[in-house]
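What follows is a short report on a single structure.
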Amino acid sequence: MADLFAAFEPPPGSTAAPPPDAPLADRLRPRALGEVVGQDHLTAPDGTIGRMVAAGKLSSIILWGPPGTGKTTIARLLADAVGLRFAAISAVFSGVADLKRVFAEARDHARTGKRTLLFVDEIHRFNRAQQDGFLPFVEDGTVTLVGATTENPSFELNAALLSRAQVLVLHRLDGPALERLLDRAERTMERPLPLTRDARDALLASADGDGRFLLNQAETLFGVDLPVPLDPAGLSAFLQRRVAVYDKDRDGHHNLISALHKAIRGSDPQAALYYLARMLTAGEEPLFLLRRLTRAASEDVGLADPQALVQCLAAKDAYDFLGSPEGELAIAQACLYLATAPKSNAAYLAQKAAWRSARETGSLPPPDAILSAPTTLLRELGHGRDYAYDHDAPDAFSGADYWPAGMTAQRFYAPSDRGFEARLAERLAHWDRLRTERRAG
């Protein structure tokens, strides 16, 4: 089970303390929801999970979040909190036979009045047919499903399954949450970590929000007898891992990555390059920086310069090919390209508006004219009837209405007058005129 406190799994429902030689992560595994760190928005009394527990009624849920944030632990504690039998499978190691066995056992227990919380780790790894297999057992109450995934459920899970489960987002663990984990570890081991303050900050940053990773690294440090505390360079050498080195002010990588992103957004290539250098020379993971640059390409440059995204993806390929330090030049080139590109957040705003509209309008079907009609039955039902093939129209533009019946046409994307978007604005205005004329005609 890929989870913060699941390195050692006791029998379901067991409250016995783990043995003294158990991994540190298991010895620190929370025994109550209030002990889970970093997910107060869910586990606090006014959080979604907190309210479910208070009501004593648990619905099926999907826990979506990065590794090491407590998904398995929360599922196990939920079962205890609402008095459900706990059963767990992993989609990585389980197949159809395992699912049939789990459902049969759950049904047997249901006959005796004991309902089952079924925890499915890496649920997105089950294929569509296997996901459909959960539906009848969720619907008849045989199991309360708690799935865990690191992937976007909207893309990886069936719509039918998502409609029967509430998606809850777990956050990567922030600095204070990770610090609390280290404090617990030191109390358990009854001694401090052999690190200077700067090295401790570097260790926290290197975890990148993953509590399990942090505790595993701490256990390694507790396992050796060091004559003097390690500084950041010594920690990096000891763990054989590049660890961010922080200056006297201990600027964490969250502050620096924010500064880098905002310098790019503010079209200051000199400052952007400075913050990029600060992070790379301190040992920050290049792929972390490339992910943020790629995000900035879509969020802050967008279609004002469509090549911005291409530059970032090319920089990622170049870095994969060359490695450090040669490949870091490609990262710097992408950073400079973004900072000097025309800026527009029109695509970003359009995405947010479209997503909001999609949530509000539910599942309105598209017009019959543009529905697929691969069979005779569908054609008889009117699918594809009166479809206007745009290439047959003047200017390859029919001006047809593509919105669901009863829904007013929306305008999510409003291009700026900067860069390539200025041309897009002219093109959209031209199509708007043609659409008005051809519908009137």
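The values are calculated or read from the model by the stated rules, or taken from the named source; none is laboratory data. Model, not experiment: these values are computed from the prediction. So basically every Cβ, Gly included, is an ideal-geometry build from the backbone, and we count neighbours across all protein chains shown. Only protein heavy atoms, including side chains, enter the accessible area calculation; ligands, DNA and RNA are left aside. Shrake-Rupley method; radii C 1.70, N 1.55, O 1.52, S 1.80 Å.
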Order by protection proxy (mean Cβ within 10 Å, highest first), peptides 362-369, 284-291: 284-291, 362-369
Using a Förster distance of 56 Å, the FRET efficiency for Thr188-Leu364 (Cβ separation, nearest 0.05): 0.55
Cα convex hull of segment 78-180, projected area averaged across orientations, nm²: 7.5
Equivalent ellipsoid dimensions for segment 277-319 as semi-axes, Å, which come from the Cα gyration tensor, largest first: 21, 11, 7
Size descriptor, Kirkwood hydrodynamic radius, that averages inverse alpha-carbon separations across segment 203-242, Å: 10.6
Computed over segment 160-301: relative contact order in percent, which uses C-alpha pairs under 8 Å that are six or more apart: 21
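Expressed as a fraction of 2.2 N^0.38 Å, the rule-of-thumb size for a compact globular protein of N residues, what is the C-alpha radius of gyration of segment 349-392? Mind showing how you got there, number by number?
Details: Rg = 14.4 Å, N = 44, 2.2 N^0.38 = 9.3 Å.
Cα Rg divided by the expected 2.2 N^0.38 Å: 1.55.
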For segment 372-441 and segment 264-278, distance of Cα centres in Å: 41
Radius of gyration, Dmax [segment 381-426; alpha carbons; angstrom]: 14.9, 46
Protein-only accessible surface order, largest first, of Leu377, Leu371, Leu182 at 1.4 Å: Leu377, Leu371, Leu182
The chain: relative contact order in percent, alpha carbon pairs under 8 Å with at least 6 residues between: 11
Reciprocal mean inverse distance between Cα atoms of segment 15-150 - Kirkwood radius, Å: 15.7
Residue-level accessible surface for Ser298, protein heavy atoms, 1.4 Å, Å²: 60
Segment 312-414 - Rg over Rh from alpha carbon coordinates, Kirkwood radius: 1.21
Value of D in µm² per second that Stokes-Einstein yields for segment 152-298, Kirkwood Rh from Cα pairs, at 20 °C (1.002 mPa s): 124
Value of relative contact order over segment 26-89, rounded to a whole percent, pairs C-alpha under 8 Å and six or more apart: 29
Reachable lysines, given that their alpha-carbon falls under 30 Å from the alpha-carbon of Lys343 and they are not under 8 places away in the same chain: Lys262, Lys316, Lys352
Size of segment 260-367 as Cα extents on the principal axes (Å, biggest first): 54, 28, 23
q = 0.07, 0.10, 0.11 Å⁻¹, the chain: log10 I(q)/I(0) [Debye, one scatterer per Cα]: -0.50, -0.96, -1.09
Portion, in percent, of the accessible area of the chain that falls on carbon or sulfur, probe 1.4 Å: 55
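Rank-order 72-81, 214-223, 392-401 by packing density, defined as the average count of other C-beta atoms within 10 Å over each peptide's residues, highest first.
72-81, 214-223, 392-401
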Per-residue SASA entry for Tyr274, accessible area with 1.4 Å probe, Å² rounded to 10: 110
